[in-house]
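Step one of this worksheet: look at the structure below.
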Amino acid sequence: MNAFAHDGTAMAGRHLRRVRNSPGLTVLTQIMPINLLLFFGYVFGSALAMPGREYRSFLVPGLLAATAAGGIMTGMFQAAADSHRGVMDRFRAMPVSRAAVPVGQAVADLVVTALGTVPLLLVGLAVGWRIEGTAAEALGAVALLLLFRFACTWVGLLLGLASRSEEAAGQLGASTFVLPLLSNAYIPTGDLAGWLRAVAEWNPISAVTSALRDLFGNAPAADGAAWPVAHPVAGTLAWCAVLIALCAPLAVRRYTRGER
């Protein structure tokens with residue numbers, strides 16, 4: 001156990017140094033959600049049946065959930081790069097705990113996400129979003145957000161390790177941008193066509209978004225919604241448990257065996 005903790009900490013430190021040495025990528029991942037907040041908040045807010053400030057309060061939790069779902073893309077990129085550039089092969093040849101390598105990457109991503117969430121929250125407050133719930137509920141919202149990011153990172157790690165090339169991982173990772181669009185992150189799902197509403201509400205991002213709105217005190221009514229949206233905190237916990245239970249062991253196994 002001590003060896004695993006030591007190796008995991010070392011691997012997390014390696015990935016944090018990678019982030020530090022890639023300031024362009026860090027700035028891009030920080031600026032994109034803020035740009036989306038300003039663009040959607042001031043453009044979509046005038047097109048929906050919500051006043052601008054009300055829509056921005058609706059939007060901030062959705063952007064937080066969408067940013068957390070970006071763990072799929074970043075996990076996939078980093079795992080594919082290490083796998084296809086021989087880094088993983090070198091780690092396998094070293095006396096390093098097998099599980100520590102992917103776990104270290106997932107933990108490092110979680111640290112970066114926790115720090116990166118602060119600017120988005122501050123900009124959200126600046127444009128009119130407010131935390132209407134209690135401090136304990138707000139902390140619970142942040143904890144759920146980070147748990148979902150952790151789960152998404154494991155999905156990305158598995159897909160990155162399974163990818164045939166860095167280019168394939170890049171193409172698949174870019175396509176994950178569509179996932180928040182098929183959720184309630186940016187628009188209410190109540191007026192969508194029946195089948196499309198079902199798809200959106202069973203999207204894990206919708207459960208996380210609804211949970212954040214609920215805990216931050218920004219929750220709109222969810223009449224007739226699917227179970228994960230009608231019970232968003234339980235739905236988020238269920239989705240995270242399923243994703244981690246399925247993807248984490250498979251990612252560790254694929255890394256250990258060096259399969260592609």
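The values are calculated or read from the model by the stated rules, or taken from the named source; none is laboratory data. The model shown is predicted, which means the values in this text are computed figures rather than measured ones. Glycine gets a Cβ as well: all are built from the backbone with ideal geometry, and neighbour counts include every protein chain shown.
Considering each of Thr74, Thr9 in turn, give the residue that is among the hydroxyl-bearing types (Ser, Thr, Tyr), at pLDDT 85 or above and farther than 30 Å from Thr189 by Cβ.
None of the others qualify; the one that does is Thr9.
Can you name every residue in the stretch 17-53 that is modelled with pLDDT of 75 or more, within 30 Å of Gly190 (Cα to Cα) and touching a helix residue (DSSP H, G or I) at 6+ places or on another chain (Cβ under 8 Å)?
Result: Pro33, Ile34, Leu36, Leu37, Leu38, Phe40, Gly41, Tyr42.
Given the criteria in a helix (DSSP H, G or I), more than 24 Å from Ala226 (Cβ to Cβ) and either modelled with pLDDT of 85 or more or among the hydroxyl-bearing types (Ser, Thr, Tyr) (or both), does Leu161 qualify? Before the answer, list the steps.
Details: in a helix (DSSP H, G or I): yes; more than 24 Å from Ala226 (Cβ to Cβ): yes; either modelled with pLDDT of 85 or more or among the hydroxyl-bearing types (Ser, Thr, Tyr) (or both): yes.
Answer is yes for this residue.
Residues in the stretch 140-157: is at least one out of contact with any strand residue (DSSP E or B) (no Cβ under 9 Å at 6 or more places or on another chain) and free of Cβ contacts under 8 Å to residues at least 40 places away in the same chain? Steps first, answer last, please.
Quick first cut of the stretch 140-157, residues out of contact with any strand residue (DSSP E or B) (no Cβ under 9 Å at 6 or more places or on another chain) only: 140-157.
Remaining after also requiring free of Cβ contacts under 8 Å to residues at least 40 places away in the same chain: 142-143.
Yes, the conditions are met somewhere in the stretch 140-157.
What is the residue count in the stretch 164-190 for residues that are within 30 Å of Tyr255 (Cα to Cα) and either β-branched (Val, Ile, Thr) or part of a helix (DSSP H, G or I) (or both)?
At the first step, the residues of the stretch 164-190 found to be within 30 Å of Tyr255 (Cα to Cα) are 164-180.
Filter once more, keeping what is either β-branched (Val, Ile, Thr) or part of a helix (DSSP H, G or I) (or both): 166-180.
The total comes to 15.
Taking only pairs six or more apart or across chains, which ones have beta-carbon atoms under 7 Å, a first residue in the stretch 196-217 that is under 22 Å from Arg56 (Cβ atoms) and crowded, with 24+ Cβ neighbours inside 10 Å, and a second residue that is modelled with pLDDT of 95 or more and hydroxyl-bearing (Ser, Thr, Tyr)?
Ala207/Thr236; Val208/Thr236; Ala211/Thr236
Among the residues of the stretch 232-254, is there at least one that is at pLDDT 90 or above and touching a Lys or Arg at 6+ places or on another chain (Cβ under 7 Å)?
There is at least one residue in the stretch 232-254 that is at pLDDT 90 or above and touching a Lys or Arg at 6+ places or on another chain (Cβ under 7 Å).
Tally time: how many residues in the stretch 105-132 are touching a Phe, Trp or Tyr at 6+ places or on another chain (Cβ under 9 Å), part of a loop (DSSP other than H, G, I, E, B) and not basic (Lys, Arg)?
4
Could you pull out the residue among Asn203, Asn218 that is under 17 Å from the mean Cα position of the chain (by Cα) and of a type in the set (S, T, N, Q)? Steps first, answer last, please.
Numbers: Asn218 fails: under 17 Å from the mean Cα position of the chain (by Cα).
On inspection, the qualifying residue turns out to be Asn203.
Quick check: is even one residue across the stretch 84-103 of a type in the set (A, V, I, L, M, F, W, C), under 13 Å from Gly156 (Cβ atoms) and either in contact with a Leu (Cβ under 6 Å, 6 or more places away or on another chain) or assigned to a helix (DSSP H, G or I) (or both)? It would help to see each step written out before you state the result.
Going through the stretch 84-103, the residues of a type in the set (A, V, I, L, M, F, W, C) turn out to be 87-88, 91, 93-94, 96, 99-101, 103.
Filter once more, so that each one left must be under 13 Å from Gly156 (Cβ atoms): none.
Looking for residues that are of a type in the set (A, V, I, L, M, F, W, C), under 13 Å from Gly156 (Cβ atoms) and either in contact with a Leu (Cβ under 6 Å, 6 or more places away or on another chain) or assigned to a helix (DSSP H, G or I) (or both), one finds none in the stretch 84-103, hence no.
Filter the stretch 135-190 down to the residues that are in contact with a Gly (Cβ under 6 Å, 6 or more places away or on another chain) and under 13 Å from Ser206 (Cα atoms), then identify the one that is surrounded by the fewest Cβ atoms within 10 Å (Cβ to Cβ).
In this case the residue turns out to be Tyr186.
List the helices (runs of 4 or more DSSP H) inside the stretch 191-260, counting only whole elements, that have at least 1 residues being closer than 30 Å to Ser97 by Cβ and among the hydrophobic types (A, V, I, L, M, F, W, C). So that I can check it myself, show each step before the final result.
On the way: elements: 194-201, 204-216, 227-230, 232-257.
In the stretch 191-260, the matching helices (runs of 4 or more DSSP H) lie at 232-257.
If you scan the stretch 103-141, which residues turn out to be charged (D, E, K, R), within 16 Å of Asn218 (Cα to Cα) and under 14 Å from the mean Cα position of the chain (by Cα)? First the steps, then the outcome.
Of the residues in the stretch 103-141, the ones charged (D, E, K, R) are 109, 130, 132, 137.
Now drop any that are not within 16 Å of Asn218 (Cα to Cα), which leaves 130, 132, 137.
Selection gives nothing.
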